[in-house]
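*Asks:* Structure incoming, see below.
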Amino acid sequence: MHFVDLHAQQQRIAEELRRRIDVVLAHGQYIMGPEVAEFEAELTRFSGAGHCVSCASGTDALHLILLALEIGPGDAVLTSPFTFMATAEVIGLVGATPVFIDVEPDTYNLDARALAEVLGDMAAGRPPSPGTPAGLRPAAILPVDLYGLPANYPRIQAVADEYGVPVIADAAQSFGAEIDGRRVGTHALATATSFFPAKPLGCYGDGGAILTDDGALAEVLRSLRVHGRGDHKYHTVRLGMNSRLDTLQAGILLAKLEIFADELEARQKVADTYTRALSGLVQVPAVPASMRSAWAQYAAMVPNRDGLRREMSARGIPTMDYYPIPLHRQPVLEDLGYAEGSLAVAEDLSQRALCLPMHPYLSEADQTRVIEGMTTAIAEGAR
Ligand SMILES: *Cc1c(COP(=O)(O)O)cnc(C)c1O
């Protein structure tokens with residue numbers, strides 16, 4: 001059994017993948033070839049966002065947004081501690097300071113009430129942690145759509161508007177998800193997503209994109225991804241990066257996008273089956289009625305996680321523990337002085353999160369094996 005099965009998908013679209021790759025090999029425009037613009041157009045159509053700027057990775061997508069908003073030293077970016085390191089890494093790389101906001105125990109995403117408290121504290125001159133420099137300007141709020149479920153953007157935006165702070169989305173795991181029938185890419189000033197192979201829409205290498213309705217911002221991002229270019233290639237108006245989506249990857253993504261909506265449905269079915277079978281046994285992921293998850297991961301909160309992982313592994317069932325150390329407790333950020341227990345929900349979830357095999361091609365037999373494995377191992381106390 002595979003945790004993520006890219007091979008089954010590859011077999012399904014083998015011909016179209018081969019055709020797309022052959023077209024690129026024939027025209028030879030490996031950098032910014034026609035597939036890149038075609039893919040960007042398809043992505044705006046799929047997401048409903050006004051503009052799409054593709055780039056070299058999800059990490060770069062976040063980095064480019066921070067550069068475009070001219071966020072740097074003296075600025076705070078408020079984000080979730082229960083995420084992959086890339087979310088906070090880019091904040092530090094532009095010289096800004098990450099400020100961590102605890103998450104909701106049921107959705108695992110940034111808690112709008114905790115956000116309002118921290119913004120209130122900062123406005124009153126109270127630092128969010130002992131090591132956070134005084135007098136930082138809240139420059140952006142960066143919620144993360146963990147495991148594919150969108151953060152509560154309507155509520156977060158309401159808090160953000162009170163303080164006049166822009167919201168940018170880390171949707172690396174949630175491309176294809178929805179709130180109120182509108183897809184990810186339309187719920188924040190700018191949305192970063194990733195095409196890392198294991199993400200819901202993944203390529204065969206690194207890739208990413210930014211979605212926005214702000215045309216002026218999109219223009220700045222297009223300049224930043226090619227070294228800050230101005231009117232022509234050797235005219236530079238800002239310091240930028242080399243961060244383009246490869247033409248080959250765009251071609252591969254075009255082939256995959258054709259079946260992506262169908263794959264989202266298949267993921268939803270697997271999630272429904274898990275939730276029906278496991279809800280009396282462990283804490284299953286909550287999905288608010290207004291939302292649809294992209295189900296990048298199916299994360300249950302379990303007791304005795306390490307024992308359970310061992311028992312599952314002994315039965316040939318792969319599991320993952322995304323993410324065992326919340327970012328505010330990472331050694332690289334220890335200068336911020338967040339003590340143990342300072343963000344109690346994120347710390348608790350990071351000890352209990354168990355991700356089960358999740359992909360659109362997981363057979364019913366394998367789903368049953370996962371469920372039986374969980375049921376038996378928990379009944380036996382997962383020694
Ligand atoms: C994967 C991921 C990223 C980074 O994406 P890459 O394409 O691997 O650079 C950022 N944030 C989150 C939450 C992710 O899961």
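*Asks:* Which residue, Y361, Y204, Y234, has the most motion in a Gaussian network model of the chain that connects Cα atoms within less than 10 Å?
*Replies:* Residue with maximal mean-square fluctuation among Y361, Y204, Y234: Y234.
*Asks:* Follow-up. How big is the chain on each of its three principal axes, counting only the C-alpha atoms and giving the largest first in Å?
*Replies:* For the chain, the Cα extents along the three principal axes come out at 67, 60, 36 Å.
*Asks:* Pick out which of L115, L136, L25 has the largest mean-square fluctuation in a Gaussian network model of the chain, springs linking Cα atoms closer than 10 Å.
*Replies:* It is L25.
*Asks:* Could I ask something else about it? Once both labels are modelled 7 Å past Cα along the beta-carbon direction, what's the V237-S363 spacing in nm?
*Replies:* Reported label-point gap for V237 and S363 is 5.7 nm.
*Asks:* Binning at 5 Å from 0, report for segment 199-350 what percent of all alpha-carbon pair distances ends up in each bin.
*Replies:* Spelled out bin by bin, segment 199-350 gives 1, 7, 10, 12, 13, 14, 15, 13, 8, 5, 2, 1, 0 percent.
*Asks:* Okay, moving on. What does the helix-only formula give at 222 nm for the chain: each DSSP H stretch with n ≥ 4 adding -39500 (n - 2.57), the total divided by the residues, and the result rounded to the nearest 500 deg cm²/dmol? Present the calculation step by step, with values, prior to reporting the outcome.
*Replies:* Working: 13 runs with 152 residues, N = 383.
So the helix-based figure for the chain works out to -12000 deg cm²/dmol.
*Asks:* I want to verify the translational diffusion coefficient of segment 1-51 in µm²/s; compute it with Stokes-Einstein, Rh as the Kirkwood radius over Cα pairs, at 20 °C and 1.002 mPa s. Write out the running numbers ahead of the final one.
*Replies:* Numbers: Rh = 13.1 Å.
Reported coefficient: 163 µm²/s.
*Asks:* Provide the FRET efficiency to the nearest 0.05 for the R126-D180 pair, computing r from the beta carbons and using R0 = 30 Å. Display every interim value, and only then the final one.
*Replies:* On the way: r = 35 Å, r/R0 = 1.15.
Result of the calculation: an efficiency of 0.30.
*Asks:* Which FRET efficiency value, to the nearest 0.05, is calculated for R276 and R18 with the Förster distance at 30 angstrom and r the Cβ-Cβ distance? Write down the numbers at each step before the final one.
*Replies:* Details: r = 39 Å, r/R0 = 1.29.
Efficiency at R0 = 30 Å is approximately 0.20.
*Asks:* Give the calculated FRET efficiency between D335 and E219 to the nearest 0.05, with a Förster radius of 45 Å applied to their Cβ-Cβ distance. Walk me through the numbers on the way to the answer.
*Replies:* Details: r = 36 Å, r/R0 = 0.80.
Using R0 = 45 Å, I get an efficiency of 0.80.
*Asks:* Then there's this: Calculate log10 I(q)/I(0) of segment 50-122 for q = 0.26 Å⁻¹, where I(q) comes from the Debye formula with a single equal point scatterer on each Cα and nothing for solvent.
*Replies:* Per q value, in the given order, log10 I(q)/I(0) is -1.17.
*Asks:* Also, I was wondering about something else. Calculate I(q)/I(0) for segment 48-197 by the Debye formula, one identical point scatterer on each C-alpha and no solvent, and give its log10 at q = 0.16, 0.20 Å⁻¹ to two decimals.
*Replies:* -0.80, -1.29
*Asks:* Further question: I'd like the distance between the alpha-carbon centres of segment 144-196 and segment 300-357, rounded to an integer number of Å.
*Replies:* 23
*Asks:* Just the C-alpha atoms of segment 151-224: what Rg/Rh do they give, with Rh taken as the Kirkwood radius? Spell out each step's value before the answer.
*Replies:* Values: Rg = 13.2 Å, Rh = 13.2 Å.
So for segment 151-224, dividing Rg by the Kirkwood Rh gives 1.00.
*Asks:* Still on this model: So, in nm, how far is label M32 from label A261 when the simple model puts each one 7 Å beyond its Cα toward the Cβ?
*Replies:* The modelled label-to-label distance comes out at 3.2 nm.
Only the coordinates and a few stated rules stand behind these numbers; no lab work does. Keep in mind the model is a prediction, meaning the values are calculated, not measured. When we count neighbours, we look across all protein chains shown, and the Cβ atoms used for this are built from the backbone with ideal geometry, even at glycine.
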